[in-house]
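Nothing in this text is a laboratory measurement; each read-out follows from the coordinates by a stated rule. Please read these numbers as outputs of a predicted model, since none were measured by experiment. Cβ: placed from backbone, ideal geometry, glycine included. Neighbour counts: every protein chain shown.
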Amino acid sequence: MLTGDKLVKITKILYSQWMKNYEELFESNDVMWNDNFSDNVYRFYKGIHKNLSLPNDVDEFFYYMNTLLLNEENLKNGTLDSSNIITPSKKLFQINVSERRTETVKYSGQLQVDGYFTKDQLVSNVYELNNVDYLYLYDYDQDDRDHLAGEGDGIEVEGVELVKVIKNESSGFNKFLNSLTESEIKFLKEELEKRLL
């Protein structure tokens, strides 16, 4: 993700391109990874990302669109620079889901029964003996199960919870480095090389 002066430049370009076609900036709820709606934010990003050498992936899309939203006031009044740009924080979320399923499962096992019958007699009478409660076939000891078929109604999202905010990649030393101009970086590199020799 871009930070510092590079991010300021990209953010200003994105803002000016959006404002050429719309009277105001989009709302947070309009930021959707969805190509199905006309005049939506994703279509805008998809149409411009190659010209700005930005990847067309989920993280980049939400990062740059939320950067626009976070810096709207400074973009409006033309005061956005590397000292006041606000970058989105990466966050960890938990998505709570549920699923209803109908499954056909074959269970296998053994049931021991004693009696004065022969094996052939037991085979012939096993269901009748179950019906008269001499034995109970459902009392078997399960040792195997095979999933034969199943269908579900689909996954349903029951809620989303914020777990934590992950440390901003643009904080600290990285933010400082990204705010430097090319000549300042060159000077810093030369100074470091002198001192390390």
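With the simple model of a label 7 Å out from the Cα in the direction of the Cβ, GLU158 to ARG145 spans 2.0 nm.
Only Cα pairs within less than 10 Å get springs; with that Gaussian network setup on the chain, which residue of PHE62, PHE93, PHE117 has the largest fluctuation? For the chain, modelled as a Gaussian network with Cα springs under 10 Å, the answer is PHE117.
Amide H to amide H, with H built 1.01 Å from N, LYS90 comes under 5 Å of ILE166, GLU169, counting only residues 5 or more places away or on other chains. Projected label points at SER124 and SER53, each 7 Å from Cα along the beta carbon direction, are separated by 8.9 nanometres.
When the chain is treated as a GNM with alpha-carbon contacts under 10 Å, the residue of ASP144, ASP57, ASP114 showing the greatest mean-square fluctuation is ASP114. Against the set [x] 12.9; [y] 11.7; [z] 23.6, the structure's computed mean projected area of the Cα convex hull in nm² falls on [z]. Applying a length cut-off of 15 Å (Cα extent along the axis) and a mean Kyte-Doolittle floor of -1.0 to the DSSP H helices of the chain leaves 4-21, 58-70, 119-131.
As a calculated quantity, the FRET efficiency between THR104 and ASN36 at R0 = 35 Å, using C-beta atoms, amounts to about 0.45. Beyond 20 Å in Cα-Cα separation lie the following of the pairs LYS90/LYS164; LYS90/LYS189; LYS20/LYS91; LYS9/LYS189: LYS90/LYS189; LYS20/LYS91; LYS9/LYS189. Stretching GLU190 away from ARG43 to a fully extended chain increases their span by 48.5 nm, per 0.36 nm per residue minus the current alpha-carbon distance.
Can you tell me how much longer the chain between ILE95 and GLN17 gets when fully stretched, taken as 0.36 nm per residue apart minus their C-alpha distance, in nm with one decimal? Spell out each step's value before the answer.
Values: separation 78, 0.36 × 78 = 28.08 nm, distance 3.42 nm.
That pair, ILE95 and GLN17, stretches by 24.7 nm at full extension.
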